[in-house]
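Bear in mind these aren't lab numbers, they're just calculated from the coordinates by the rules spelled out. Computed from a predicted model, the values in this text were never measured in an experiment. Don't worry about glycine lacking a Cβ; one is built from the backbone with ideal geometry, like all the others, and counts go over all protein chains shown.
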Amino acid sequence: MRRILSSFICIVILIAALSVNVQAESDSINKQYTSDDFYNIAAKIIDWKKQEIGTNGDYLICDKYLEKAGTTACDWYVIGMARLGIKDDYSSYLAVVKENIKSKYTLESKLSKVKSTEWHRAILTVNACRGNAEDLLGDGTINLVSDGIYNRGLTASLGKQGINGWIWGLIALNNMNYDIPENSYYTKEDIIKEIVSRQLSDGGFALSGKTGDPDITAMAIQALAPYYKNKNCNYNIDSVVDNAVMFLSRVQLENGGFQSFGTRNSESIAQVIIALCAINIDIQNDRRFIKNNNTMLDAIMSFRMNDGGFIHSFDYDNNNPESQPDKSNSMAGEQVLLAMAALYRYENNMNSLYDFTDINSNNIIDKSELTENDILFIHKSLDNVTSQDYSRAVSLLSKANNKDYQNRLNNIILKSDEIKNIIDTLNNDIYNVIYPLDKIGVSQRNSIEDLFKRYNSLSDIDKKYILYYDDLVTAKIKAESSQRSVIIMVILIIITIILALIVITRIRSRKKKNSLSDLYPNDEE
Amino acid sequence: MKKDLLILGFIVLIIVIIVNGTEFQTVDEYYLTHIDDIREDSQTVFISINCSEIYANWDMLDDNIKNSGYLPKDGVILDKTEYVLREGDTVFDVLNRAVRYNKIQMEYQGADMNIYNSVYIQGINYLYEFDCGELSGWLYKVNGEFPKYGCSSYVLKDGDIIEWIYTCELGQEYNLF
């Protein structure tokens, strides 16, 4: 009995020890992440971003977010969320982006003088929100795909900013599998050739120099991915991609991560993940991308903070005491979000991150129901409209189907636009009048007075957009004190003259007296 | 006689005041209008803006820029100039003040408009990024080194020397878009 018991205990202990051992072993290999994990990591990034911009609503796309719609700071989060199928107010975002692009198109440079990537990001953003990049306004006037990709060369080279322009031009072209019409400035072959010709001898790609950079190499793979091992096309880029993949495998660090310009960082890993998912490499199990038992996920998760956000790097810059390596950062969060979307889509056998041909409207929330707050806004008096109301009015206009509301919103948009112009002109005039500050004198007093009047007629919110108010105050004081000085000087000169006259008359009268007393010297005695 | 001397003394005093161009200001006004005056105990920094590298890469320069008439012959847009360092000043603050005071054109992207969370300088004196080849643009050095941070994140200290340089061989920085 005792022996049985003891052998039983022995076995129990053995099993326990074994299972602990087994567990320890699987832990040390690496954790296998599931598509749910990727989704949750992404959702936490969105929560962090909401907290960062200060909204506690259900959706990231809120009035505050819309104010910066169409900038790099906002677009990539929207693209990432859209590819994860996260529900949000994409239609508002699209409405504001469209309006912004429309107004930028009135400038000669349109979206940018030199950067074609401004168009490429716009194409991805518009499509992510279910807009139409080939006919943005629905009236045939703005074709972002033509202006920003295949006919960009008519204005400036697609690659004026370097390899980025070619790579992202191709990614945006692949986005909806756009056809390039005949007689366009570039063919697809032209663009692919430009990218391929820039491959370095180490298999990588870079902005400059002879050594590959993981970020740019990863982006080149993302652009070429649709043509890799694709029997339906003959661009012969398979070996280009294979060499680039080998380069990435070779420069991967022992901790599973990557470094760019000497800094280990989260964004490089994110870009490589997106690239490898696009060519169907299983980054959790492919031996080429497991170093010392560490995967890219192990490395990228080490950049995650408790608030759910991510940081760029742990490196502390001694030159810059303000650098905060432990504070979550928007660029890191945005790129990890895109990497999570890529992994989520890979695990679920969906189209790759930038292949939007499968996109649908399921994730677009229906906000056609106006809230009480929205209706209050629509009815606000035009006197209270500020420049900040612009994006909200544009987004509500895209939902309102009542004629009266539409009219009111159009008026708010017009008024808000007018105020924006007033602010711009005032900023310009201030700049022209008050500098250089040390030359301010009496002659500028009236024009400075006028600038002040214009400043004071703005609402408190709009006043914040006046750039150099402090200098304007200084200029005003200078002009006033120099005027005051002139007045005081004049008074002093008058006093001096009076005093001088007094002295002169006194001296004269004394002289007279003296000459009299000379005549009658005895009088005084 | 004594009275006359007194009055004469007064006259001399007034003339001295007039000749010296003394300002009549309250203390607050004085502080505001003299914030940028350099005194013996002032903390200061130096800033210069230079684009001479384009002359070594003239072939790559955009034709519109060549004929714009804005390019200084020696590449010096702003010679090394000393400015008072205000509390918390970043490289961007000093640059912005210097170009304003000297009426030099500048265009930048605000920190909330991009992913770097820092101001990004696109053009100075009508010379823009990528105007001189795909690796051209504005970079800054502090005390001879290129910091890894955006100019509005770099807080300056007394005696720092800032150099804004138009380079045709960028590659230091992240250039995602």
What does the average come to when, for each residue of peptide A:476-482, you count the partner chain Cβ atoms lying within 10 Å of its Cβ?
-> 4
In Å, the Kirkwood estimate of hydrodynamic radius for the protein assembly as shown over Cα pairs equals 30.0
Charge tally for neighbours of residue A:282 with beta carbon under 11 Å away, counting Lys, Arg as +1 and Asp, Glu as -1, is 0
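Within the range A:62-147, report the trypsin sites (Lys or Arg not before Pro) that DSSP leaves as loop and that have at most 16 other Cβ atoms within 10 Å.
Of the trypsin sites (Lys or Arg not before Pro), the ones in loops of the range A:62-147 whose Cβ has at most 16 other Cβ atoms within 10 Å are A:87, A:130.
Check each of the trypsin sites (Lys or Arg not before Pro) in the range A:198-231 and keep only those in coil by DSSP with at most 10 other C-beta atoms within 10 angstrom; list them in order.
A:210, A:231
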May I ask you to list the chymotrypsin sites (Phe, Trp or Tyr not before Pro) in the range B:1-94 that are in a DSSP loop and have at most 13 other Cβ atoms within 10 Å of their Cβ?
-> B:70
So, for the Cα atoms of the range B:44-167, Rg and Dmax in Å stand at 14.1, 43
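Using a Förster distance of 60 Å, how high is the FRET efficiency between residue A:53 and residue B:41, based on the Cβ-Cβ distance and rounded to 0.05?
0.90
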With springs connecting C-alpha atoms under 10 Å apart, model chain B as a Gaussian network and identify which of B:157, B:148, B:103 has the largest mean-square fluctuation.
-> B:103
Three-way shape call for the range A:71-151 based on the alpha-carbon gyration tensor, with the a/c threshold at 1.5 = prolate
Counting other chain Cβ atoms within 10 Å of each Cβ in A:36-43 and taking the mean gives 0
Please work out the ratio of the alpha-carbon Rg of the range A:202-358 to 2.2 N^0.38 Å and round it to two decimals.
-> 1.05
Please identify, among B:25, B:43, B:109, the residue showing maximal mean-square fluctuation in a Gaussian network model of chain B using a 10 angstrom Cα cutoff.
-> B:25
Given a cut-off of under 8 Å on Cα pairs at least six residues apart, what relative contact order in percent is computed for chain A?
-> 14
Taking the Cβ-Cβ separation of residue A:404 and residue A:287 as r and a Förster radius of 56 Å, what is the calculated FRET efficiency to the nearest 0.05?
-> 0.25
Based on the Kirkwood radius over alpha-carbon pairs, what value in µm²/s does the Stokes-Einstein equation return for the translational diffusion coefficient of the range A:266-403 at 4 °C and 1.567 mPa s?
-> 68
In a Gaussian network model of chain B with springs linking alpha carbons closer than 10 Å, the residue among B:14, B:104, B:165 that fluctuates most is B:14
The helix A:117-128 Cα axis meets the longest alpha-carbon principal axis of chain A at an angle in degrees, between 0 and 90 and rounded to 10, of 60
Would you mind checking the tilt of helix A:35-53 against the longest principal axis of the Cα atoms of chain A, expressed as 0 to 90 degrees and rounded to 10?
-> 10
Using a basic spin-label model with each label point 7 Å from the Cα along Cα→Cβ, how many nm lie between residue B:30 and residue B:8?
-> 3.2
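Could you work out the relative contact order of the range B:44-167, using alpha carbon pairs under 8 angstrom and six or more residues apart, expressed as a whole percent?
Answer for the range B:44-167 is 36 percent.
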Expected integer from the mean partner chain Cβ neighbour count at 10 Å over A:111-119 is 4
Could you work out how far helix A:72-84 tilts from the main Cα principal axis of chain A, as a 0 to 90 degree angle to the nearest 10?
-> 30
Longest segment of chain B with no GluC sites (Glu not before Pro) in a DSSP loop having at most 11 other Cβ atoms within 10 Å?
-> B:88-177
